[in-house]
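The values are calculated or read from the model by the stated rules, or taken from the named source; none is laboratory data. Since the structure is predicted, the reported quantities are computational estimates derived from the model, not experimental observations. Every residue, glycine as well, gets a Cβ built from its backbone with ideal geometry; the counts of neighbours run over all protein chains shown.
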Amino acid sequence: MARAKGFQGIVGRKKGTTWGTATVPAALDGIEVVSLVPSGGAAMIEDNQITGRVTQREASAGLRNITVVLQTALRYEGNGREIAYVLGTAGVPATVDTTAKKHTFKIKDSLDAIFNTLAYESIKDTKVEELTSVKWNKLKISGKAGERIEIEVSGICRDWTDASAANTTTTIDSITLPTNREFALFSQAVLLMNAQGGAGLAGGDAIYISGFELNIERAMEARFSTGGGDKCDEPIETGFLKVSGSFDFPALQDGTGGNAVFLAEAMALTRKKATLTITSPNLAGSATEYFNHKLWLPNLQFGEAKVGIPGPGGQTWTIPFTAWHVTAIPTGFTTGYVDAVTWDNSNQDATDALA
């Protein structure tokens, strides 16, 4: 008798071409996960016909509303697909410093035709599950002092099956992982921020944080028609994409690296610009380009930021923010980086994340 053991799980994903038709993950399509949680299933259409009994007869199968959440530690190489599936724009990376590959992920207005198949083995050599087509519409990156940075993506699925003709116990064993496995650590992060219309960001603009969260969320829903029967059509956007998040502070302070000024700026909705850079100590290039992630926020405003006196000790506090796109590139930002967030990632993966 075989029993499921999470540590034996194998997970792979492969870009799809036709909504509802499975693709088969193989070499380099694997991803290590902390957790993978599908939810939902076939809705029950209850039988409300009166039969003379106080109980009901069996239900009929309704629509399949299925979602999935995948959580993993952020790596410098290996999470590009998750970022690209939500933002929508990737492309062949640029070669930098001989061997480094710089990926630029930008927000695309529509995610039409951008989805993948997710396959995973839950019982070793016995049972493989498949999420046939997944439209990823939410991404969260977060970090806390002393920990690895985490990335979480959520998606809307057409179907779930444990009897796929495409993804089997044979195909799942062909899945391999990226070569470079280095984790992004919170201790490697640097936040720079100053006035949205001010000078280019520099070392003197460093803000000292003890944690952060950034959410990219597309308003999207599954819709059903006779084209799919009880399975959803390709999900569609229903509103604006939102970029939001928060910064955590180890103390309320003024002066260099301080944050007390943000209290008044939040009340005034003062506009800021920022970059969050996470840099490995190891080279991706031959001399100067390190493995890194860099998030560019050209226009953000703080939300509620009122503090009191919670007790006799020094207080930690958190300030939320929302990011917006701009029409004019801020000083010091790369040409074309006008989206609410643009994400650069340097590693040694030469593949287009959306290929």
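Here are the numbers for the structure shown:
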read-out: Odd one out for Leu63, checked against (1) in contact with a Ser or Thr (Cβ under 8 Å, 6 or more places away or on another chain); (2) crowded, with 16+ Cβ neighbours inside 10 Å; (3) assigned to a strand (DSSP E or B); value: (1)
read-out: In the stretch 207-224, the residues that are surrounded by 15 or more Cβ atoms within 10 Å (Cβ to Cβ) and under 23 Å from the mean Cα position of the chain (by Cα); value: Ile209, Ser210, Gly211, Phe212, Glu213, Leu214, Asn215, Ile216, Glu217, Arg218, Met220, Ala222
read-out: First in the stretch 27-46 and in contact (Cβ under 8 Å) with a residue 24 or more places away in the chain and over 14 Å from Ala59 (Cα atoms), second anywhere and assigned to a strand (DSSP E or B) and acidic (Asp, Glu), Cβ under 8 Å, 6 or more apart; value: Val34/Glu150; Pro38/Glu129
read-out: Complete set of residues in the stretch 275-298 that are surrounded by fewer than 22 Cβ atoms within 10 Å (Cβ to Cβ) and either in contact with a Cys (Cβ under 7 Å, 6 or more places away or on another chain) or assigned to a strand (DSSP E or B) (or both); value: Thr275, Thr277, Thr279, Ser280, Pro281, Asn282, Leu283, Tyr290, Asn292, Lys294
read-out: Residue match in the stretch 225-247 (condition: surrounded by 17 or more Cβ atoms within 10 Å (Cβ to Cβ), in contact with a helix residue (DSSP H, G or I) (Cβ under 9 Å, 6 or more places away or on another chain) and more than 25 Å from Lys108 (Cα to Cα)); value: yes
read-out: Residue within the stretch 266-278 that is on the phi > 0 side of the Ramachandran plot and either in contact with a His (Cβ under 9 Å, 6 or more places away or on another chain) or at pLDDT 90 or above (or both) present; value: yes
read-out: In the stretch 102-150, residue nearest to Thr176 (Cα to Cα) [restricted to those that are in a strand (DSSP E or B) and more than 20 Å from the chain's Cα centre (by Cα)]; value: Glu121
read-out: Filter result for the condition that a residue is buried (at least 19 other Cβ atoms within 10 Å of the Cβ) and out of contact with any Cys (no Cβ under 9 Å at 6 or more places or on another chain), over Gly6, Gly12; value: Gly12
read-out: Filter result (in a helix (DSSP H, G or I) and either surrounded by 12 or more Cβ atoms within 10 Å (Cβ to Cβ) or touching a helix residue (DSSP H, G or I) at 6+ places or on another chain (Cβ under 9 Å) (or both)) within the stretch 256-270; value: Phe262, Leu263, Glu265, Ala266, Met267
read-out: Any hit, the stretch 80-97, residues being more than 27 Å from Asn137 (Cα to Cα), at pLDDT 95 or above and not polar (S, T, N, Q); value: yes
read-out: The lone exception for Met1 - which of (1) modelled with pLDDT of 95 or more; (2) not in a strand (DSSP E or B) it fails; value: (1)
read-out: Some residue of the stretch 256-267 being of a type in the set (S, T, N, Q) and under 21 Å from Gly203 (Cα atoms); value: yes
read-out: Of all residues making up the stretch 176-191, the number that are more than 18 Å from Gly143 (Cβ to Cβ), surrounded by 15 or more Cβ atoms within 10 Å (Cβ to Cβ) and in contact with a strand residue (DSSP E or B) (Cβ under 7 Å, 6 or more places away or on another chain); value: 2
read-out: Long-range neighbours under 6 Å by Cβ, at least six apart or interchain, first residue touching a residue at least 60 places away in the same chain (Cβ under 8 Å) within the stretch 313-342, second hydroxyl-bearing (Ser, Thr, Tyr); value: Thr318/Ser246; Pro320/Ser246; Thr322/Ser244
read-out: Long-range neighbours under 8 Å by Cβ, at least six apart or interchain, first residue over 13 Å from Thr18 (Cα atoms) and among the hydroxyl-bearing types (Ser, Thr, Tyr) within the stretch 220-235, second at pLDDT 95 or above and not in a strand (DSSP E or B); value: Ser225/Asp233
read-out: Members of the stretch 163-192 that are over 23 Å from Glu77 (Cα atoms) and either small (Gly, Ala, Ser) or in contact with a helix residue (DSSP H, G or I) (Cβ under 6 Å, 6 or more places away or on another chain) (or both); value: Ala163, Ser164, Ala165, Ala166, Leu192
read-out: Checklist (1) aliphatic (A, V, I, L, M); (2) touching a residue at least 40 places away in the same chain (Cβ under 8 Å); (3) more than 25 Å from Leu295 (Cα to Cα); (4) in a loop (DSSP other than H, G, I, E, B) applied to Val92, failing item; value: (3)
read-out: Enumeration of residues in the stretch 129-138 that are buried (at least 22 other Cβ atoms within 10 Å of the Cβ) and either out of contact with any Cys (no Cβ under 9 Å at 6 or more places or on another chain) or closer than 30 Å to Leu191 by Cα (or both); value: Glu130, Trp136, Asn137
